[in-house]
């Protein structure tokens, strides 16, 4: 069975692989939930692939989304690989790739313009630029920190997250709007678009709390 000693060793292993703090906590949380299930499923017995498969089905029947189930299985498979129990690893569920974004999740031009006007009415030029940057480049709020003064000047931001790197290009009109603010920063790498302030300010502009 999965003991606390196993958990401590697994935690040390994840840290040695340079996993982020949130990832380590998530993996440990998933493994502990599985260990509790396995304990009730077959007391004082060894973990088997059958138990893992039953747990996968249990998650589905409990209403977990397919992506969430796959996320849990990734945590468990990582543990089994660490323990050398490759016989317990299970396949993730197949997810049908969604080619188009659901219409209800799209931001219409009218909504986009309303958000920009709200920012202007509040005399919040930084928020206005944040909205235009997100919509103009397609980046996430968490990626705003890569839009530095240097990126604005060159017209290209290098986004590096979760081991993946890609280039995001800023069109000329957006460069011209951002340049006055970015140029006032002492460092070329200064982050003039704050992700935390962006998420809070956007929520206020849209009428949320």
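The values are calculated or read from the model by the stated rules, or taken from the named source; none is laboratory data. What you see is a predicted model; the values in this text were computed from it and never measured. Note that we place each Cβ from the backbone using ideal geometry, even for glycine, and neighbour counts take in every protein chain shown.
Which is in a helix (DSSP H, G or I), without any contact (Cβ under 8 Å) to a residue 40 or more places away in the chain and closer than 27 Å to residue 162 by Cβ, of 12, 38?
Details: 38 fails: closer than 27 Å to residue 162 by Cβ.
Residue meeting the stated conditions: 12.
Only one of 40, 70 is modelled with pLDDT under 95, in the same structural domain as residue 24 (by TED's automatic domain parsing) and loosely packed, with under 15 Cβ neighbours inside 10 Å; which? Walk me through how you get there before you give the answer.
Working: 70 fails: loosely packed, with under 15 Cβ neighbours inside 10 Å.
Being modelled with pLDDT under 95, in the same structural domain as residue 24 (by TED's automatic domain parsing) and loosely packed, with under 15 Cβ neighbours inside 10 Å holds for just one of 40, 70, which is 40.
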Given the criteria more than 25 Å from the chain's Cα centre (by Cα), buried (at least 16 other Cβ atoms within 10 Å of the Cβ) and assigned to a helix (DSSP H, G or I), does residue 51 qualify? yes
